[in-house]
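> Following this message is one structure expressed as structure tokens.
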Amino acid sequence: MIRPGRHRRRHRPYGGQHEAVLLSPVIVTVLIAGLAFSTPREIAFSRLLPAAPALAAALWPVLPTVLLGTFCLLIMIGLSFVYSDLGTPYTAAAIIAVTLAAAYASHLRLQREETLFQVRLVADAAQKVLLRPLPHRIQDVDIESLYVAAQEQARIGGDFYEAADTPYGVRLLIGDVRGKGLTAVGAASAVINCFRENAYDQPDLRGIIHRLQTTIARYSAAIPADDQSEHFATALIAEIPYGSGHVRILNCGHPPPVLVRREEIHVLEPVLPSTPLNLAALLGDHYYVDTVAFAPGDQMLLYTDGVSETRDRNGEFFPLPDWMREHSPAPPRELLDRLHGDLLRYGGGRLDDDIAALAVRCRPTWIREHESGSRHDARPGPS
């Protein structure tokens, strides 16, 4: 038995704020023109007109940027009829030069934005392959997932999870590859694909882990030698046999799950530690399966260390067991949404590490009875 211990997105401006940002070059132009016409010529606000097309280059396409520069040039020509000694030729030349430079800068910006957009499309597609959407329910088990990248531009990382509806029950995988970047993504992808293939065929969790161990070892051997030490992973596999009332857990150095049973919190520390993936040569090939009751209404949270190691301004870790005690009645989707929001608030609006989490609930008996009754009532009666 297991002894109890002690799943950013960049937000762009929207609505009125977004429109105000896009119109800012026009606002700047009108403001400078108004000041130039209404103030003494000695102040010479007209010399600021080249700033308008320069600002437009950061926000607008090429043609509107050129048109705004032309409009500023016309304003300067109009001012020359009112004030003949403004140095119009010099300011006009500056407007033309800045407008041409701004048009070229706008062209380069649009090219880079298009390239970035295509890269993000590829990254999104890769994420859907690596972390494909999980089923919300497998028989009597509700499953919800959460994945949040620490960096706003990131789409995928070394954290991973998967769920499979197998002949042996619901099998879950969650883990974290050490390191960052493409090499960590590659190792995570190798582990997930191996789990997807073997979860249906291996009758024992140890068999799956041995397969994962072999896969990540082969992946590590295929990369440059100076990177091999980086590719070990913590992993946890859970198996919930259908109708059994228990869950089997094999924890290879991963943060322990948190189980909620009748509003009581249990941190499921393994009785004996199992070796993380790709460290068997150093620590030995030791894997142990623990069993714990998992009855209707029980809920379990699986997570990576990005959740438990989120720090506040004082350097204190996120108090996950206490947090679970306060939010234990929430269903899986709501639980993960609250967790995401509270982690961001606890970390001061940002995350220092990727986070992944699975919320798994054995459906309460009353929900099963209600659904069974609904299906019975929906059957047509005898004619």
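> So between residue 337 and residue 35, what do we pick up on full extension, going 0.36 nm a residue minus the alpha carbon distance?
Contour length minus the Cα-Cα distance gives 103.7 nm.
> Set the Förster radius R0 to 22 Å, insert the Cβ-Cβ distance between residue 311 and residue 178 as r into 1/(1 + (r/R0)^6), and round the FRET efficiency to 0.05.
Efficiency for this residue pair is about 0.70.
> What three numbers, in Å, describe the spread of the alpha carbons of the chain along their principal axes, ordered from the longest?
Answer, in whole Å and largest first: 92, 68, 52 Å.
> So, R0 is 22 Å and r is the distance between the beta-carbons of residue 242 and residue 262; what FRET efficiency does that work out to, to 0.05?
0.50
> Could you list which residues have their amide H under 5 Å from that of residue 232, counting only those 5 or more apart in sequence or on another chain, with H placed in the peptide plane?
178
> Using r as the Cβ-Cβ distance of residue 27 and residue 345, and R0 as 41 Å, what FRET efficiency do you calculate, to the nearest 0.05?
The calculated FRET efficiency here is 0.75.
> Sorted by average packing, counted as other Cβ atoms within 10 angstrom per residue and highest first, what order do 115-125, 318-328 take?
The most tightly packed comes first, giving 318-328, 115-125.
> Length gain on complete extension for the stretch residue 214 to residue 269, per 0.36 nm per residue less the alpha carbon to alpha carbon distance?
Gain on extension, residue 214 to residue 269, equals 17.3 nm.
> A follow-up question, please. Any number yet on Rg/Rh for the range 45-181, C-alpha, Kirkwood?
Ratio of gyration radius to Kirkwood radius for the range 45-181: 1.38.
> Let me ask another. Take the range 15-124, compute every pairwise Cα distance, and split them into 5 Å bins from 0; I just need the percent in each bin.
Binned Cα distances yield the sequence 2, 13, 21, 19, 16, 11, 7, 5, 3, 2, 1, 0.
> Would you calculate, for the chain, the mean residue ellipticity at 222 nm contributed by helices, counting each DSSP H stretch of 4 or more residues as -39,500 (n - 2.57) and dividing by all residues, to the nearest 500?
Result for the chain, helices only: -14500 deg cm²/dmol.
> For a protection proxy built on the mean count of beta-carbon atoms within 10 angstrom, sort 76-89, 26-39 highest first, please.
Highest to lowest by the protection proxy: 26-39, 76-89.
> What spacing in nm lies between the two simple spin-label points modelled at residue 121 and residue 67, each 7 Å away from Cα in the Cβ direction?
2.7
> May I pose another question? Can you give the extra length, in nm with one decimal, that the chain gains between residue 74 and residue 90 once fully stretched, where that is 0.36 nm per residue apart less the Cα-Cα distance?
Extra length from residue 74 to residue 90 when fully extended: 4.4 nm.
Rule-based calculations on the coordinates, nothing more; no lab input. Model, not experiment: these values are computed from the prediction. Glycine also receives a Cβ, built like all others from the backbone with ideal geometry; neighbour counts cover every protein chain displayed.
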